[in-house]
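*Asks:* Before we start, here is the structure in question, set down as structure tokens.
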Amino acid sequence: MRAPRAIVFDLDGTLVDSSGDIAAACNYALVEQGRAELPEATVAGFIGDGARVLVARAFGADPASPTVDRALVPFHRYYAAHAAVYTRWMPGAMELLAALAPLPLALSTNKPREATLALLAALGTTSSFVSLYCGGDGPLKPSAAAILRPLAPTGVPASDAWVVGDGVQDIGAARAAGATSIAVLGGFTHEAKLRAARPDAVIRNLEELLQLVSPALSS
């Protein structure tokens with residue numbers, strides 16, 4: 001497997017555990033629309049395809065329906081103001097980003113930009129990334145654009161880049177862009193589903209990623 005000259009990271013379930021804050025925003029929207037709250041674990045299973053699809057799954061509605069349009073307003077309002085109440089770094093994430101500083105790092109997330117910026121600011125890590133690609137900036141993962149656009153400022157071609165994420169969307173986007181896909185276990189996607197998406201490599205945690213990347217850092 002070719003050593004990376006740049007890395008594109010997913011955010012939710014990969015670098016941070018954001019399920020608590022996403023569930024809180026989702027439940028806020030549900031209650032405002034007269035619905036019952038859902039368990040955090042249930043909402044966590046809806047994460048990965050952007051806010052519209054998440055809310056649609058929570059409401060059991062079509063993503064293009066007026067129901068979802070109405071619910072997205074309180075969802076976005078609440079989440080932008082409460083993006084980092086319960087969210088925590090995934091184990092080893094802070095240390096990994098510091099160790100990878102010699103490489104250009106980009107972030108590609110289906111999370112809305114306003115909430116992404118609020119979360120990164122709260123965690124003090126905005127400067128870790130050369131570029132950010134968020135929900136609303138263009139096609140969501142698994143589109144190749146979600147990898148190619150954040151890679152563009154690095155000057156590194158996709159063939160020399162790794163995409164690291166916990167979802168099948170990340171693997172699909174990497175494949176579409178021609179990048180190497182690294183699936184991380186322990187996020188929001190079950191292992192069997194991740195492996196079925198045929199990533200180029202599967203790692204148990206972020207500490208293992210540093211071991212894989214070390215040769216590129218020392219070259």
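*Asks:* So for the range 164-180 (the condition being in a loop (DSSP other than H, G, I, E, B), in contact with a strand residue (DSSP E or B) (Cβ under 7 Å, 6 or more places away or on another chain), under 19 Å from Gly50 (Cβ atoms) and not β-branched (Val, Ile, Thr)), does at least one residue qualify? Steps first, please.
*Replies:* Of all residues in the range 164-180, those in a loop (DSSP other than H, G, I, E, B) come to 166-167, 178-179.
When the remaining residues are screened for being in contact with a strand residue (DSSP E or B) (Cβ under 7 Å, 6 or more places away or on another chain), the result is 166, 179.
Those still in the list that are under 19 Å from Gly50 (Cβ atoms) too: 166.
Checking which are not β-branched (Val, Ile, Thr) leaves us with 166.
Looking through the range 164-180, at least one residue is in a loop (DSSP other than H, G, I, E, B), in contact with a strand residue (DSSP E or B) (Cβ under 7 Å, 6 or more places away or on another chain), under 19 Å from Gly50 (Cβ atoms) and not β-branched (Val, Ile, Thr).
*Asks:* Only one of Ala71, Ala146, Ala106 is in a helix (DSSP H, G or I), modelled with pLDDT of 95 or more and within 24 Å of Leu185 (Cβ to Cβ). Can you tell me which? So that I can check it myself, show each step before the final result.
*Replies:* Values: Ala71 fails: within 24 Å of Leu185 (Cβ to Cβ); Ala106 fails: in a helix (DSSP H, G or I).
Every option except Ala146 fails the conditions.
*Asks:* Would you tally the residues in the range 10-42 being of a type in the set (A, V, I, L, M, F, W, C) and closer than 16 Å to His190 by Cβ?
*Replies:* The number of residues fulfilling the criteria is 1.
*Asks:* Which of (1) under 18 Å from Asp17 (Cα atoms); (2) crowded, with 21+ Cβ neighbours inside 10 Å is the odd one out, the single condition Leu140 does not satisfy?
*Replies:* Every listed condition holds for Leu140 apart from (1).
*Asks:* Checking the condition outside the structural domain of Asp49 (by TED's automatic domain parsing) and out of contact with any strand residue (DSSP E or B) (no Cβ under 6 Å at 6 or more places or on another chain), which residue from Pro102, Pro150, Pro112 passes? Step through it out loud before you land on a result.
*Replies:* Working: Pro150 fails: out of contact with any strand residue (DSSP E or B) (no Cβ under 6 Å at 6 or more places or on another chain); Pro112 fails: out of contact with any strand residue (DSSP E or B) (no Cβ under 6 Å at 6 or more places or on another chain).
Going through Pro102, Pro150, Pro112 in turn, the sole match is Pro102.
*Asks:* State all residues of the range 189-219 that are in contact (Cβ under 8 Å) with a residue 60 or more places away in the chain, surrounded by fewer than 21 Cβ atoms within 10 Å (Cβ to Cβ) and not aliphatic (A, V, I, L, M); if no residue qualifies, say none.
*Replies:* Listed by number, the residues that qualify are Asp200, Asn205, Glu207, Pro215, Ser219.
*Asks:* Any chance you could count how many residues in the range 149-180 are free of Cβ contacts under 8 Å to residues at least 24 places away in the same chain and crowded, with 24+ Cβ neighbours inside 10 Å?
*Replies:* 0
*Asks:* Scan the range 6-38 for residues that are touching an Asp or Glu at 6+ places or on another chain (Cβ under 9 Å), without any contact (Cβ under 8 Å) to a residue 40 or more places away in the chain and in a loop (DSSP other than H, G, I, E, B) and jot them down.
*Replies:* Once the filter is applied, which keeps residues that are touching an Asp or Glu at 6+ places or on another chain (Cβ under 9 Å), without any contact (Cβ under 8 Å) to a residue 40 or more places away in the chain and in a loop (DSSP other than H, G, I, E, B), the range 6-38 yields nothing.
*Asks:* Next question. Is it the case, given these coordinates, that Ala146 is in contact (Cβ under 8 Å) with a residue 12 or more places away in the chain and over 24 Å from Glu114 (Cα atoms)? Walk me through it before giving the result.
*Replies:* Details: in contact (Cβ under 8 Å) with a residue 12 or more places away in the chain: yes; over 24 Å from Glu114 (Cα atoms): no.
So Ala146 fails the test.
*Asks:* Then there's this: Scan the range 80-99 and give yes if some residue there is touching a Cys at 6+ places or on another chain (Cβ under 7 Å), assigned by TED's automatic domain parsing to the domain that holds Asp10 and surrounded by fewer than 18 Cβ atoms within 10 Å (Cβ to Cβ), otherwise no.
*Replies:* Narrowing the range 80-99 to residues touching a Cys at 6+ places or on another chain (Cβ under 7 Å): none.
No, there is no match, as no residue in the range 80-99 is touching a Cys at 6+ places or on another chain (Cβ under 7 Å), assigned by TED's automatic domain parsing to the domain that holds Asp10 and surrounded by fewer than 18 Cβ atoms within 10 Å (Cβ to Cβ).
*Asks:* Same structure, new question: Could you grab me the full set of residues in the range 109-137 that are surrounded by 23 or more Cβ atoms within 10 Å (Cβ to Cβ) and assigned to a helix (DSSP H, G or I)?
*Replies:* Pass one, the range 109-137, residues surrounded by 23 or more Cβ atoms within 10 Å (Cβ to Cβ): 109-111, 115-116, 119, 133.
Once the filter is applied, which keeps residues that are surrounded by 23 or more Cβ atoms within 10 Å (Cβ to Cβ) and assigned to a helix (DSSP H, G or I), the range 109-137 yields Ala115, Thr116, Leu119.
*Asks:* Then there's this: Working only within the range 39-54, note down all residues that are outside any helix (DSSP H, G or I) and charged (D, E, K, R). If you could, list the steps in order and put the result at the bottom.
*Replies:* Start the filter on the range 39-54 by keeping residues that are outside any helix (DSSP H, G or I), which leaves 39, 45-50.
Result: Asp49, single match.
The values are calculated or read from the model by the stated rules, or taken from the named source; none is laboratory data. Since this is a predicted model, take the numbers as computed values, not measurements. Glycine gets a Cβ as well: all are built from the backbone with ideal geometry, and neighbour counts include every protein chain shown.
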